[in-house]
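Report on the following structure.
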Amino acid sequence: MAETTTSGEATNGRSSTLPEEFLEQWRDVAYNCFSSGHKFCREVCPVTQVTRDERFTPTAFHANVIAMEKGHLSIEDVAEDYVNCTMCGACELRCPNTLFTGDFYRFRQRTIDVVKAMRAFAVEQGIHQKNWQRWAELTDRWGNEPVLGWTRETSGSKVRAWAAGLDIPTGGETVLFADCEAAFKRPSVPRSVALLLRACGVEFGLMDQQWCCGGPMWETGYVDIAHKMAEHNMIDWRKTHTKRIICPDPHDYITIIEHYPPLDENFDEFEIVLAVDLIAEAIREGRLELGTPVQRTVTYHDPCRLNKRLGVWQSPREILRAIPGLTFIDVDHVTQWSYCSGAGSNLWVEKPELTAEISRRRIAKAQELPGVDGLVSACPWSERPLTEQGEAVGMDVFDIFEITAEAAGFEV
Amino acid sequence: MATAIADSVVDELVAICGEEHVFTGRSALFNRARVPAPFPAHRWDAHIPQAVVLPVSAQQVSEVVKLANARGIPVVPRAGGTGLTDGAVPLRGGILVDVKLMNQIKEIDLDNRTVTVGPGINMLKLSEELRRYGFIYPDNPASYPCSLVGGRIGTSGWSLIGGRFGHARDLVISFEIVLPTGEIIRVGDGGGPKVRKSSSGFQLKHLFMGHQGTLGIVTEATLELVKHPEAEFSMFYAFDNYMDAWRTCGELARSSVATLAGVVLFDEWKVAYLRRDDEAYIPQDDSAKAVVAAAAYGFEDELRAGAKRLLRIGQASGGKYMGDEISQGDWWSRHDRYATPQHGRTRDGQVALMSWHCEDAAIPYPELPKVREKWHAIAAGLRERFEMFDDWGMFAYTNGAFKPWGDYLTEIDIGIWESKWDEESWEAWVDAKRELARVSIEHGGSITACHGSCREGEVDLVPLEMGGGFEVMKKLKRVLDPNNIMNPGKYLLDQAYEEE
Amino acid sequence: MLVFRLSAQRPPKPERVTDVVVTRLEHVLEVDPDLMRKHVAQQDIPNWDMHRIVSARWEHIRDIHEQWADSIVLAGEGSELGAGPPEPMGET
């Protein structure tokens, strides 16, 4: 049988509503899902757990590509559906095509990439989500995301304000990348990280003008702005011959390792490392002492970018178990494949009620654990909605670096 | 392609379910048309509904059904849409009633050992909740992580460990159903929703088990709570020929070991297929041609005693024990692993993305070897004509509830390169389905152990299989659904409305 | 520790295991890439992602076993079948 494109013209005369370049990239991945029909992704998807709506399932996100190829659907029909995703990665990890044979065939499910591609295609076609568009425009204008609202500027010149009084130099061989949300909205996080790194003997500086890593721009379809952010950041690193970038926020880490290399043929100059791994290692090797008891009963929230997307779940638990006085009630990281805060890919900017419900359920799960009144996360983006939902029911939400800094005797 | 639904109907649906739960947009319709393969994607628009509702109560479902009756509009119930016989695929447009929002756990009754749930709940998610009480809901098909309780009733599903814990029809004690004319009734074994065995009146629960949504819409179900097993045992034996494996499979199934939950026979084509993916399967030497696996659950002491008996049978069989690693890994990975699209191979051995079609007859034990020969011949015939079909081998699983001996869920898995569908290959496929079904009937079996037999090709032989029972089916359908609105066109039941 | 260095993400050259299977990373078998020439192309999966998938698989299987039973009874290779205390699963 001849190799043909499957544009459906044999049956209904409709032609594809997706350009051939898009299909060349995503057709196989879409058929890999469509052909399987297993749908093991659904009950781990935080959006599906809440909405129960098949339009927003990982399976629909792939089936739409086939439907659009056959001319049944157009981007106008589906653009808004693709908003409903936190890009947590549960679906593409749990999918048997990844979990059981992704390594054997060097071909795994890529729901996140499909959603990114479709969101970018929508933007290219002039279909914008109102708040995401505004968010992108302000990020472009200010250099960092408008995490303090539409009118409070978050420029590159203000992004180091959290470090006041810490005398951190500019640039150098190792740089701490402090993430917009953390730097502006939850400054106790980068402050805690800075103090902890210092206590472990790690020398580091801050970028001259840190801009948004570009992640949410790639995620919401504003690819040109993302490129601009990335290029600026790499120029900044090179200004002081930076070799190592420490990321406290897994969103930045995964954005940099996935999206920056294709933009820069010398990217191998850089080494990217997670702060949570560094701190865990320092504790393990005795370079960081946690001498101040923290008398709390807490559980840990595996952030999606860290657990599902990167497979990092041991370091944070190691850290928590090293904190004196802490009663740590764990929920294993595989069970947490179906957990999420709902904040990812800026879902909360477009669909705040959906993020709120996903977070509410996450807090409720923590409340079910005996004696737990504190939830520790390791991602500032998750901590925004989790904190809000936690407040409503008396569940305190901490960032792991905040609570570790406390245990190290720091007041942040 | 179904025409757009009248605005007045949409308004009435909105009045019943609320605006946020009524959909007529194209993506809502196109994404509720199909179930797993094969789906005629080249005729996708022939299978979309005209409107979708996501009700949250039996009352809402009832009112939607009454509206459909009044206006003569078809209704198609849809739970997970993970069924394998097109039960949830609309044939005539209509109002698709999607029950996924009805996924609450309404009551856990530890004294009566029951849990009452909405039809939209998934078994794995249910078991996650039950775990803290020390219970599990052990209805375990391949779709355990994604199928929903409503669909388990709609298909009268099979469980891999039904030999120990029973199948869906045994684990579902009673349920509430909205009849095609809108009445809400409760069916079970007799009256009280938590009674397991009764002789009062007709046994109505069994009428609705496996109805494929043609006799109503389930809105609540009361299920068994089963104690979370203390221990699990599984063993795998490899044989250099099929007949020895088949004999051993039968002996194990007839062993009468009380903790035995299921036995699985992998034929030579299946073992060869699994070798395509050695990495997950744990490489075996060439002499392994057919495999038998058995699994048991229970308290550790009774399990060890039972395992010893099973292992004695294995040792005496001439097969080779395949080791502990496969028991630790494979037993719970099979359903994830065996239907991967990239396992498809063209004639020249190239990887092609293929859908998994699973044909699932119920075949009496003595007939397994012959059925295997005939089925593989049919698959070979397809492959010869069209490269887009690929034989992925056969499984036979113990099919009896609580007693593993008897008939077997006999499955041939056929890979289908779906992007290549056209009318000619589709017709050849439908013919093959019919022939596979015919073999099952000729050997004293049933077209389907658990999927249902609504699909093109196989459905043509349902009257043959049912005999006089098909007339009873038609009479019941006509009585319960006088206007033929409930999932019309399924099971040839349009014939119920033809004038004599 | 997940230290990312781009050059460390490229897999080594494949070594043949059978006529259809090769290996690049330790303990990880892969399909002969020659079989994915015509109809579906392989993806560019960095080493860290391959390791993530392999680890996740065993973690998932362990989790599923635990969902169904508190412990696994194994027959025991090469030893008295059925004898001995139950072994914990998957200590890799």
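Every read-out reported here was derived from the displayed coordinates using simple, explicitly stated rules and does not represent laboratory data. Because the structure is predicted, anything quoted here is derived from the model rather than measured. Here the Cβ is made from the backbone with ideal geometry for all residues, glycine too, and neighbour counts use every protein chain on show.
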Handout entry: Along chain B, longest interval not containing exposed trypsin sites (Lys or Arg not before Pro), exposed being DSSP loop plus at most 12 other Cβ atoms within 10 Å
Key = B:1-196
Handout entry: Translational D in µm²/s for region A:10-124 (Stokes-Einstein at 10 °C, 1.306 mPa s, Kirkwood Rh from C-alpha pairs)
Key = 111
Handout entry: region B:190-298, relative contact order [Cα under 8 Å, separation at least 6], %
Key = 33
Handout entry: Cβ-derived FRET efficiency at R0 41 Å, residue A:134 paired with residue A:292, nearest 0.05
Key = 0.40
Handout entry: region A:134-173 residues near the modelled residue A:241 label - backbone nitrogen below 12 Å, point 7 Å along Cα→Cβ
Key = A:172-173
Completion exercise
What helix-only [θ] at 222 nm does chain B give? Using -39500 (n - 2.57) per DSSP H run of at least 4, over all residues, to the nearest 500, the answer is -9000 deg cm²/dmol
Problem - In nm, spacing of pseudo-spin labels at residue B:197 and residue B:285 (7 Å Cα→C-beta vector) - result: 5.0
Problem - Positive dipole terminus of region A:10-124, leading residue within A:79, A:32, A:121 (C-beta point charges) - result: A:32
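Can you list the GluC sites (Glu not before Pro) in region A:190-273 that are in a DSSP coil and have 14 or fewer other beta carbons within 10 angstrom? Mind dumping the intermediate values first?
Values: sites: A:203, A:219, A:231, A:258, A:265, A:269, A:271; in loops: A:203, A:265.
Answer by residue number: A:203, A:265.
How big is the shadow of the Cα convex hull of the protein assembly as shown, averaged over all directions, in nm²?
39.5
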Practice task
Summarise the partner chain shielding of C:44-50 as one whole number: the mean count of Cβ atoms from other chains within 10 Å of each residue's Cβ.
Solution key: 4
Handout entry: Computed over region C:13-68: relative contact order in percent, which uses C-alpha pairs under 8 Å that are six or more apart
Key = 17
Completion exercise
One finds the C-alpha centres of region B:251-328 and region B:12-36 to be spaced, in Å, by 46
Fill in the blank from the handout: Distance in Å, no decimals, from the C-alpha centre of region A:189-231 to the one of region B:335-359 is 43
Exercise for the section: Can you run the Rg to Rh ratio on region B:229-338? Use alpha carbon positions and the Kirkwood inverse-distance Rh. Expected result: 0.95
Handout entry: Rel. contact order, % - alpha carbon contacts under 8 angstrom, at least six apart, region B:41-92
Key = 50
Problem - Rg followed by Dmax, in Å, when chain A is reduced to its Cα trace - result: 21.7, 73
Problem - Where the Cα pairs of chain B fall when distances are cut into 20 Å bins, in % - result: 23, 56, 21, 1
Completion exercise
The simple spin-label model distance between residue A:21 and residue B:3, using points 7 Å out along Cα→Cβ, in nm, is 4.3
Handout entry: Theoretical FRET efficiency, 1/(1+(r/R0)^6), r = Cβ-Cβ of residue A:263 and residue A:367, R0 45 Å, to 0.05
Key = 0.55
Fill in the blank from the handout: Averaged over residues of A:73-79, the number of beta carbons from other chains lying within 10 Å of each residue's Cβ is 3
Fill in the blank from the handout: D (µm²/s, integer) via Stokes-Einstein for region A:118-218, Kirkwood Rh across alpha-carbon pairs, 4 °C, 1.567 mPa s: value 88
Problem - For B:252, C:25, order by how many other beta-carbon atoms lie within 10 Å, fewest first - result: C:25, B:252
Problem - For chain B, size of Cβ-based charge dipole, Lys and Arg +1, Asp and Glu -1, in debye - result: 1020
Handout entry: Distance-filtered residues of region A:183-199 - backbone nitrogen under 18 Å, label point 7 angstrom along residue A:161 Cα→Cβ
Key = A:183-192
Problem - Three semi-axes of the equivalent ellipsoid, region A:288-407, Cα gyration tensor, whole Å, largest first - result: 23, 16, 13
Completion exercise
Net charge (Lys, Arg +1; Asp, Glu -1) of residues whose beta-carbon lies under 14 Å from that of residue C:6, residue C:6 excluded, is -4
Practice task
Would you mind pulling out the separation of the Cα centroids of region B:370-440 and region B:61-133, in Å?
Solution key: 30
Handout entry: For C:22-31, mean number of other protein chain Cβ atoms within 10 Å
Key = 3
Fill in the blank from the handout: Under the 7 Å Cα-to-Cβ spin-label approximation, residue A:284 and residue A:141 lie apart by a distance in nanometres of 4.6
Problem - FRET efficiency for residue C:70 and residue B:110, using Cβ-Cβ distance with R0 set to 25 Å, rounded to 0.05 - result: 0.85
Completion exercise
Too long for a 22 Å Cα-Cα cut-off, among A:70/B:100; A:185/A:239; B:289/B:320; B:66/B:197; B:370/B:433, are A:70/B:100; A:185/A:239; B:66/B:197
Practice task
Let me know the charge dipole size of chain A about its Cα centre in debye, to the nearest 20, where only the beta-carbon of Lys, Arg (+1) and Asp, Glu (-1) is charged.
Solution key: 660
Exercise for the section: Sketch the reach of a paramagnetic label on residue C:28 as a point 7 Å from Cα along Cα-to-Cβ, and name the residues of region A:309-353 whose backbone nitrogen lies under 15 Å away. Expected result: A:310-312
Handout entry: Ellipticity estimate at 222 nm from DSSP helix runs (n ≥ 4, -39,500 (n - 2.57)) divided over chain A, nearest 500
Key = -13000 deg cm²/dmol
